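Trainee: One structure follows; several queries about it will come next.
We did not get these values from a lab; they are worked out from the coordinates using the rules stated. None of the values given here were measured: they were computed from a predicted structure. Glycine also receives a Cβ, built like all others from the backbone with ideal geometry; neighbour counts cover every protein chain displayed.
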Amino acid sequence: MIPDSHAHLDMIEGDTAEVVDRARSVGVSPIITVGITIESSIEAVRHSSTCEGVFAAVGIHPNDTAATTPEEFERLEEIARSSDRVVAIGETGLDYYCDRTPADRQKWAFAQHAQLAKKLGKALIVHDREAHADVLDLLAESGPTDTPVILHCFSGDESVLSECLRRGYYISWAGPLTFKKNDYARRLAAMVPLERLLVETDSPFLSPEPYRGKPNLPERVRLVAETLAGVCALPLEEMEYILTENAGTAFGIDLTEG
Ligand SMILES: [Zn+2]
Ligand SMILES: [Zn+2]
């Protein structure tokens with residue numbers, strides 16, 4: 001089995017149970033479905049309770065933090081405490097590419113998520129788009145030290161990667177790892193210790209080759225895992241085993257229950 005460490009099941013068109021079943025039938029499980037607003041975090045928890053092999057992360061995406069209130073973080077904590085299928089806080093982080101939310105708002109919300117992850121002892125899922133230095137600064141100041149930090153869809157350069165690895169963060173690779181011209185990302189992926197690697201789809205976004213530009217699905221995490229196995233010069237079965245172990249450790253999931 002190959003875990004999809006980051007998907008947005010509520011944003012994928014069609015019947016969610018069918019999407020999850022089809023993924024399982026091609027060996028993709030578990031799926032971590034990730035909230036980006038209060039409503040989608042509630043949906044994530046709902047999907048984690050109705051679909052086998054689905055776990056939830058709850059959070060407010062940096063692009064959606066413009067009007068977020070302290071009360072919403074109280075609500076988020078309630079949602080996080082409402083089910084033991086909630087295995088992470090996020091996604092949170094900083095997005096300076098899509099600049100509709102002022103950086104100060106994003107940073108405030110990011111720090112709130114980090115506090116919540118520490119308080120509840122859960123992993124923190126971090127989104128970093130064109131904000132590497134500030135993401136590293138904020139994590140150094142406010143990030144959890146006793147619970148895992150996951151850099152989702154890693155897009156930093158070699159120095160960002162070295163700092164993340166020095167701090168023990170998990171590095172999650174998505175569809176862009178498979179893009180023909182992305183030798184740089186594959187070179188970075190080869191530098192990550194095996195026990196720090198994760199794969200994801202971020203579906204419905206970031207479809208890997210040969211589906212680039214089309215809506216993505218959790219089942220396609222297999223293509224990312226195959227590319228990563230090639231990068232690490234490992235047989236796919238061994239890569240699958242490593243990725244499953246890592247997802248289990250990063251999210252505190254007992255993967256023997258399926
Ligand atoms: Zn993201
Ligand atoms: Zn995402």
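Trainee: Can you work out ³J(HN,Hα) from phi for every residue in the range 227-242, in order, using Karplus 6.51 cos²θ - 1.76 cosθ + 1.60 and θ = phi - 60°, giving whole Hz and x for Gly and Pro?
Mentor: After applying 6.51 cos²θ - 1.76 cosθ + 1.60, I find 4, 5, 4, x, 4, 8, 6, 10, x, 4, 4, 5, 4, 4, 4, 4 Hz.
Trainee: Moving on. Percent relative contact order of the range 1-151, based on C-alpha pairs within less than 8 angstrom and at least six residues apart? Write down the numbers at each step before the final one.
Mentor: Details: 301 pairs, mean separation 27.4, N = 151.
Averaging sequence separation for qualifying contacts and normalising by length gives 18 percent for the range 1-151.
Trainee: Number of Lys pairs in the chain with C-alpha atoms less than 21 angstrom apart, excluding same-chain neighbours closer than eight positions? Please report the intermediate quantities before stating the final value.
Mentor: Values: LYS107/LYS118; LYS107/LYS119; LYS107/LYS122; LYS180/LYS214; LYS181/LYS214.
Count of close lysine pairs: 5.
Trainee: Under 15 Å from a point placed 7 Å out from the Cα of GLU209 along the Cα-to-Cβ direction: which residues of the range 161-197 have their backbone N that close?
Mentor: 174-187
Trainee: Within the range 72-105, what residues put their amide N at less than 16 Å from the label point 7 Å along the Cα-to-Cβ vector of GLU130?
Mentor: Residues 94-104 qualify, since their backbone N sits under 16 Å from the label point.
Trainee: Sticking with this one: For the range 2-253, what does the convex hull of the Cα positions come to per residue, in cubic angstrom?
Mentor: 111
Trainee: Most fluctuating residue of GLY93, GLY175, GLY230 in a GNM of the chain with Cα springs under 10 Å: which is it?
Mentor: In the Gaussian network model the winner is GLY230.
Trainee: Quick one: which residues, 5 or more positions from LEU124 or on another chain, have an amide H under 5 Å from its amide H? H modelled 1.01 Å from N in the peptide plane, none for Pro or chain starts.
Mentor: ILE89, VAL149, ILE150
Trainee: Ignoring everything except DSSP H segments at least 4 long, calculate the 222 nm mean residue ellipticity for the chain; use -39,500 (n - 2.57) per segment, divide by total residues, nearest 500.
Mentor: My calculation for the chain gives -13000 deg cm²/dmol from helical runs alone.
Trainee: Still on this model: Provide the per-residue ³J(HN,Hα) series for the range 41-58, in order, calculated from phi with Karplus coefficients 6.51, -1.76, 1.60 and θ = phi - 60°, each as a whole number of Hz, with x at glycine and proline positions.
Mentor: 5, 4, 4, 4, 5, 4, 4, 5, 8, 9, 10, 5, x, 10, 10, 10, 10, 10
Trainee: For LYS181 paired with GLN115, estimate the spin-label separation in nm (one decimal), with each label point 7 Å from Cα along the Cα-to-Cβ line.
Mentor: 4.3
Trainee: If I model a spin label at SER25 and GLU195 as a point 7 Å from the Cα along the Cα→Cβ vector, what separation in nanometres do I get?
Mentor: Inter-label distance under the simple model: 3.8 nm.
Trainee: Once phi is turned into θ = phi - 60°, what whole-Hz ³J(HN,Hα) does the Karplus curve with 6.51, -1.76 and 1.60 give for every residue of the range 178-194, x standing for Gly and Pro?
Mentor: With coefficients 6.51, -1.76 and 1.60, one gets 8, 5, 4, 8, 9, 4, 4, 4, 5, 5, 5, 4, 5, 8, 7, x, 3 Hz.
Trainee: Where is the GNM fluctuation largest for the chain (alpha-carbon springs, 10 angstrom cutoff): ARG46, ARG81, ARG222?
Mentor: Evaluated over the chain, the most mobile residue of the options is ARG81.
Trainee: In addition: Under a point spin-label approximation (7 Å from Cα along Cα-to-Cβ), what is the LEU236-GLU39 distance to one decimal in nm?
Mentor: Taking the simple label geometry, LEU236 and GLU39 are separated by 3.9 nm.
Trainee: For the chain, what relative contact order do you get, as a whole percent, if you take Cα pairs closer than 8 Å and at least 6 residues apart?
Mentor: It rounds to 20 percent for the chain.
Trainee: Skipping prolines and chain starts, which residues have an amide H placed within reach, meaning under 5 Å, of the one on SER203, given they are 5 or more residues away or on another chain?
Mentor: HIS8
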